[in-house]
Amino acid sequence: MQKIFTYFFLPFFFHQFSIFFIQSSNFPIPLYLSGIANFYQLTTFGASSESMDKDDIRNEALARRALTGNFDPELILEQLARTRAFLGDDRLAKVREAFVVVIGVGGVGSHVTAGLARNGVSRLRLVDFDQVTLSSLNRHAVATLADVGIAKVKCIQKRLMAITPWVKFDVKQEKFDEYVAGKLLAPWEEDGQPPSFVVDCIDNFEVLP
């Protein structure tokens, strides 16, 4: 019985007391307790900061360079070497020129989006009204605990930006229905290219129009 209390109940009591102490006092939070405070905020309010850390800033700068043409195309081809070997140069060129709309970027759509970006599709429009939650993490392709509370479209853009900086994203945090379908399926704004494919990844029939 003493072992059960030590291993199971004592950590729980310590955790609850720590949360109470942190939330009810004005003392500076020690570094080793700051994680508990963040955990409390995540599970209670379901939101996290969208502020950028140094890695996000570096990845965004790299993506900005890549999207303005300041990126060696040979590096892109090297990263796509296995896809290139499988498809050949002509088919890979078609993949890279494609514009794909992915509707829903949760458990299904995040994997679809990651696969499309990693294999060379250079224009992706992501449509989803929802945010990353703790329950998303067991099935989402790229979301981490730090992404809880962030829009799913923003999350996947941020994570894939670090992997495929040359991909252009058009993110739409909106619910897809008949009233906005025309806008969300519209051609790419820069050059008027219509979608090459539209992938329906809505995994909840209640949100279907």
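Remarks
- Annotation: peptides 153-159, 132-138, ranked by per-residue average of other Cβ atoms within 10 Å with the highest first, follow the order 153-159, 132-138.
- The orientation-averaged projection of the convex hull spanning the C-alpha atoms of the stretch 57-209 amounts to 9.5 square nanometres.
- Ranked by how many other beta carbons lie within 10 Å on average, peptides 56-63, 142-149 from highest: 142-149, 56-63
- In this structure the amide hydrogen of Arg125, modeled in the peptide plane, comes within under 5 Å of the amide hydrogens of Val100, Val101, Val102, Asp170, none closer than 5 places in sequence on its chain.
The numbers here are math on the coordinates, done by the rules we state, and not lab data. Predicted model only: the values in this text are computed from it and were never measured. Cβ atoms come from the backbone with ideal geometry, glycine included; neighbour counts cover every protein chain shown.
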